[in-house]
1. Over what distance in Å are the Cα centres of region 140-199 and region 58-112 separated?
2. Please give the charge dipole size of region 40-199, origin at the Cα centre, charges +1 on K and R Cβ atoms and -1 on D and E Cβ atoms. Round to the nearest 20 debye.
3. How about Lys58: which lysines have a C-alpha closer than 17 Å to its C-alpha, ignoring those fewer than 8 places off in the same chain?
4. Sorted by average packing, counted as other Cβ atoms within 10 angstrom per residue and highest first, what order do 166-176, 132-142, 109-119 take?
5. Between rounded, prolate and oblate, where does region 127-199 land on the alpha carbon gyration tensor, with a ≥ b ≥ c its root eigenvalues, rounded for a/c under 1.5, else prolate if a/b exceeds b/c?
6. For Lys194, go through the lysines and keep the ones whose alpha-carbon is under 27 Å away, minus same-chain ones fewer than eight residues off.
7. What do you get for Rg/Rh of region 43-199 when both radii come from the Cα atoms and Rh is the Kirkwood radius?
8. Return the carbon/sulfur percentage of the accessible area of region 116-170, one whole number, probe 1.4 Å, all protein chains in place.
Amino acid sequence: MAEELENTQQTVANKPERKPNNNRNGNNRPRRNDRDKRDRREADEFDKRTIDIRTVQKVIAGGRTMSMSALCAVGDKKGRVGIGLGKAKETANAVEKALTEAKRTMINVPIVNGTIPHEIIAKFGASTIKLMPAKEGTGIIAGGAARPILELAGIKNITAKNHGSNSKINTVRATFKALQSLQTAEQIAQARGKKVEDL
(Lines give C-alpha, C1' and ligand atoms only; values in the text may rest on other atoms or scores of the structure.)
Protein backbone atom coordinates (compact mmCIF):
# COMPACT_ATOMS: atom_id res chain seq x y z
CA MET A 1 0.00 0.00 0.00
CA ALA A 2 2.84 2.35 0.91
CA GLU A 3 4.61 1.60 -2.38
CA GLU A 4 1.45 2.38 -4.42
CA LEU A 5 1.00 5.70 -2.56
CA GLU A 6 4.65 6.59 -3.20
CA ASN A 7 4.33 5.81 -6.95
CA THR A 8 1.17 7.94 -7.16
CA GLN A 9 2.95 10.89 -5.53
CA GLN A 10 5.89 10.57 -7.94
CA THR A 11 3.52 10.49 -10.93
CA VAL A 12 1.76 13.65 -9.73
CA ALA A 13 5.10 15.35 -9.12
CA ASN A 14 6.38 14.51 -12.61
CA LYS A 15 3.17 15.63 -14.36
CA PRO A 16 3.79 18.95 -16.21
CA GLU A 17 1.81 21.93 -15.09
CA ARG A 18 -1.00 23.04 -17.37
CA LYS A 19 -0.84 26.60 -18.52
CA PRO A 20 -3.84 28.70 -17.54
CA ASN A 21 -6.40 29.35 -20.25
CA ASN A 22 -6.37 32.67 -21.98
CA ASN A 23 -10.02 33.49 -21.41
CA ARG A 24 -12.95 32.82 -19.12
CA ASN A 25 -14.57 30.20 -21.37
CA GLY A 26 -11.90 27.62 -20.64
CA ASN A 27 -10.50 27.39 -24.16
CA ASN A 28 -7.35 28.70 -25.76
CA ARG A 29 -8.95 30.98 -28.31
CA PRO A 30 -7.53 34.49 -28.44
CA ARG A 31 -9.33 37.02 -26.31
CA ARG A 32 -11.67 39.50 -27.88
CA ASN A 33 -9.20 42.27 -27.05
CA ASP A 34 -6.52 40.52 -29.13
CA ARG A 35 -8.90 40.18 -32.07
CA ASP A 36 -9.90 43.82 -31.76
CA LYS A 37 -6.23 44.88 -31.80
CA ARG A 38 -5.63 42.79 -34.92
CA ASP A 39 -8.65 44.35 -36.63
CA ARG A 40 -7.42 47.82 -35.72
CA ARG A 41 -3.97 47.07 -37.17
CA GLU A 42 -5.58 45.92 -40.42
CA ALA A 43 -7.77 49.04 -40.44
CA ASP A 44 -4.70 51.25 -40.05
CA GLU A 45 -2.85 49.37 -42.79
CA PHE A 46 -5.47 49.92 -45.52
CA ASP A 47 -7.30 52.99 -46.76
CA LYS A 48 -10.99 52.46 -47.42
CA ARG A 49 -13.28 54.09 -49.97
CA THR A 50 -17.01 53.69 -50.41
CA ILE A 51 -17.54 54.22 -54.12
CA ASP A 52 -21.29 53.70 -54.44
CA ILE A 53 -24.31 52.95 -52.26
CA ARG A 54 -27.66 52.23 -53.81
CA THR A 55 -31.05 50.73 -53.03
CA VAL A 56 -32.00 47.49 -54.76
CA GLN A 57 -35.40 45.83 -54.91
CA LYS A 58 -36.32 42.19 -55.30
CA VAL A 59 -39.81 41.23 -56.45
CA ILE A 60 -41.24 38.18 -54.69
CA ALA A 61 -44.68 36.62 -54.43
CA GLY A 62 -45.63 38.73 -51.42
CA GLY A 63 -44.43 42.02 -52.88
CA ARG A 64 -41.07 43.77 -53.00
CA THR A 65 -38.17 43.51 -50.59
CA MET A 66 -35.69 46.37 -50.39
CA SER A 67 -32.01 46.09 -49.49
CA MET A 68 -28.85 48.16 -49.75
CA SER A 69 -25.91 47.50 -52.06
CA ALA A 70 -22.45 48.95 -51.36
CA LEU A 71 -19.41 49.07 -53.64
CA CYS A 72 -16.15 49.59 -51.73
CA ALA A 73 -12.42 49.45 -52.30
CA VAL A 74 -9.39 49.10 -50.03
CA GLY A 75 -5.70 49.67 -50.67
CA ASP A 76 -2.41 50.48 -49.00
CA LYS A 77 -1.23 52.97 -51.69
CA LYS A 78 1.87 50.80 -52.08
CA GLY A 79 0.74 48.54 -54.92
CA ARG A 80 -2.07 46.56 -53.28
CA VAL A 81 -5.76 47.15 -53.97
CA GLY A 82 -9.01 45.21 -53.76
CA ILE A 83 -12.70 45.75 -54.53
CA GLY A 84 -15.84 44.30 -53.03
CA LEU A 85 -19.62 44.40 -53.42
CA GLY A 86 -21.87 43.80 -50.41
CA LYS A 87 -25.64 43.57 -49.99
CA ALA A 88 -27.66 43.74 -46.79
CA LYS A 89 -30.82 45.28 -45.38
CA GLU A 90 -28.81 47.91 -43.51
CA THR A 91 -26.28 50.23 -45.10
CA ALA A 92 -23.63 49.62 -42.43
CA ASN A 93 -23.83 45.85 -42.88
CA ALA A 94 -23.60 46.18 -46.67
CA VAL A 95 -20.47 48.35 -46.38
CA GLU A 96 -18.91 45.91 -43.91
CA LYS A 97 -19.53 42.97 -46.26
CA ALA A 98 -18.09 44.92 -49.19
CA LEU A 99 -14.92 45.81 -47.25
CA THR A 100 -14.46 42.19 -46.17
CA GLU A 101 -14.72 41.00 -49.77
CA ALA A 102 -12.36 43.76 -50.92
CA LYS A 103 -9.66 42.61 -48.46
CA ARG A 104 -10.11 39.04 -49.65
CA THR A 105 -9.70 39.95 -53.35
CA MET A 106 -6.62 42.16 -53.05
CA ILE A 107 -4.02 42.04 -55.83
CA ASN A 108 -0.49 43.38 -56.32
CA VAL A 109 -0.20 46.08 -58.97
CA PRO A 110 3.20 46.54 -60.67
CA ILE A 111 4.24 50.19 -60.44
CA VAL A 112 7.29 51.54 -62.24
CA ASN A 113 8.45 55.09 -61.40
CA GLY A 114 5.01 56.01 -60.09
CA THR A 115 3.07 54.83 -63.15
CA ILE A 116 2.03 51.59 -64.84
CA PRO A 117 4.58 49.66 -66.93
CA HIS A 118 2.58 49.70 -70.19
CA GLU A 119 -0.69 50.68 -71.82
CA ILE A 120 -3.61 48.30 -71.38
CA ILE A 121 -7.28 48.00 -72.31
CA ALA A 122 -9.79 45.94 -70.35
CA LYS A 123 -13.51 45.34 -70.74
CA PHE A 124 -16.16 44.29 -68.26
CA GLY A 125 -19.78 44.19 -69.30
CA ALA A 126 -20.52 47.26 -71.42
CA SER A 127 -17.64 49.29 -69.94
CA THR A 128 -14.20 49.53 -71.53
CA ILE A 129 -11.29 51.19 -69.72
CA LYS A 130 -7.99 52.25 -71.25
CA LEU A 131 -5.04 52.92 -68.94
CA MET A 132 -1.99 54.74 -70.25
CA PRO A 133 1.33 55.47 -68.51
CA ALA A 134 2.14 59.11 -67.83
CA LYS A 135 5.30 61.03 -67.05
CA GLU A 136 6.22 62.51 -63.69
CA GLY A 137 4.03 65.44 -62.67
CA THR A 138 0.99 64.43 -64.70
CA GLY A 139 -1.03 63.16 -61.77
CA ILE A 140 -4.09 60.94 -62.01
CA ILE A 141 -6.20 61.95 -65.00
CA ALA A 142 -9.26 59.79 -64.48
CA GLY A 143 -12.84 60.38 -63.55
CA GLY A 144 -15.78 58.52 -62.18
CA ALA A 145 -15.30 55.26 -60.34
CA ALA A 146 -11.85 54.52 -61.80
CA ARG A 147 -10.05 57.30 -59.90
CA PRO A 148 -10.36 55.90 -56.33
CA ILE A 149 -9.08 52.49 -57.50
CA LEU A 150 -5.98 54.05 -59.03
CA GLU A 151 -5.38 56.22 -55.97
CA LEU A 152 -5.67 53.30 -53.55
CA ALA A 153 -3.27 51.26 -55.68
CA GLY A 154 -0.62 53.95 -55.15
CA ILE A 155 -0.28 55.06 -58.78
CA LYS A 156 0.88 58.67 -58.97
CA ASN A 157 0.80 59.41 -62.70
CA ILE A 158 -1.65 57.83 -65.13
CA THR A 159 -4.24 58.67 -67.78
CA ALA A 160 -7.48 56.69 -67.95
CA LYS A 161 -10.30 56.83 -70.48
CA ASN A 162 -13.64 55.09 -70.05
CA HIS A 163 -15.74 54.09 -73.06
CA GLY A 164 -19.20 52.62 -73.21
CA SER A 165 -21.35 52.30 -70.10
CA ASN A 166 -20.79 54.65 -67.17
CA SER A 167 -22.00 52.06 -64.66
CA LYS A 168 -19.85 52.37 -61.54
CA ILE A 169 -19.77 48.63 -60.90
CA ASN A 170 -18.71 47.82 -64.48
CA THR A 171 -16.15 50.64 -64.53
CA VAL A 172 -14.60 49.53 -61.24
CA ARG A 173 -14.43 45.90 -62.32
CA ALA A 174 -12.95 46.85 -65.71
CA THR A 175 -10.29 49.00 -63.98
CA PHE A 176 -9.52 46.19 -61.53
CA LYS A 177 -9.25 43.71 -64.41
CA ALA A 178 -6.84 46.04 -66.23
CA LEU A 179 -4.61 46.43 -63.17
CA GLN A 180 -4.68 42.68 -62.62
CA SER A 181 -3.42 42.10 -66.19
CA LEU A 182 -0.41 44.42 -65.93
CA GLN A 183 3.05 42.87 -66.19
CA THR A 184 6.53 44.26 -65.77
CA ALA A 185 9.24 43.84 -68.41
CA GLU A 186 10.95 41.29 -66.15
CA GLN A 187 7.77 39.19 -65.89
CA ILE A 188 7.23 39.24 -69.67
CA ALA A 189 10.86 38.28 -70.31
CA GLN A 190 10.65 35.42 -67.84
CA ALA A 191 7.45 34.11 -69.43
CA ARG A 192 9.11 34.15 -72.89
CA GLY A 193 12.39 32.74 -71.65
CA LYS A 194 14.34 35.79 -72.78
CA LYS A 195 16.32 38.61 -71.28
CA VAL A 196 14.84 42.07 -70.79
CA GLU A 197 17.30 43.50 -73.31
CA ASP A 198 16.05 41.08 -75.98
CA LEU A 199 12.43 42.20 -75.79
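The values are calculated or read from the model by the stated rules, or taken from the named source; none is laboratory data. Source: prediction; values computed, not measured. With ideal geometry, Cβ positions are generated from the backbone for all residues, glycine too; neighbour counts draw on all protein chains shown. Only protein heavy atoms, including side chains, enter the accessible area calculation; ligands, DNA and RNA are left aside. Shrake-Rupley method; radii C 1.70, N 1.55, O 1.52, S 1.80 Å.
1. So the two Cα centres are separated by 20 Å.
2. Using Cβ point charges on Lys, Arg, Asp and Glu, region 40-199 gives about 500 debye.
3. Counting by Cα, and skipping residues close in sequence, Lys58 has these lysines nearby: Lys87, Lys89.
4. Averaged packing, sorted descending, gives the order 166-176, 109-119, 132-142.
5. Note, shape of region 127-199 comes out prolate.
6. Cross-link targets: Lys177.
7. 1.06
8. It is 53 percent, rounded to a whole number.
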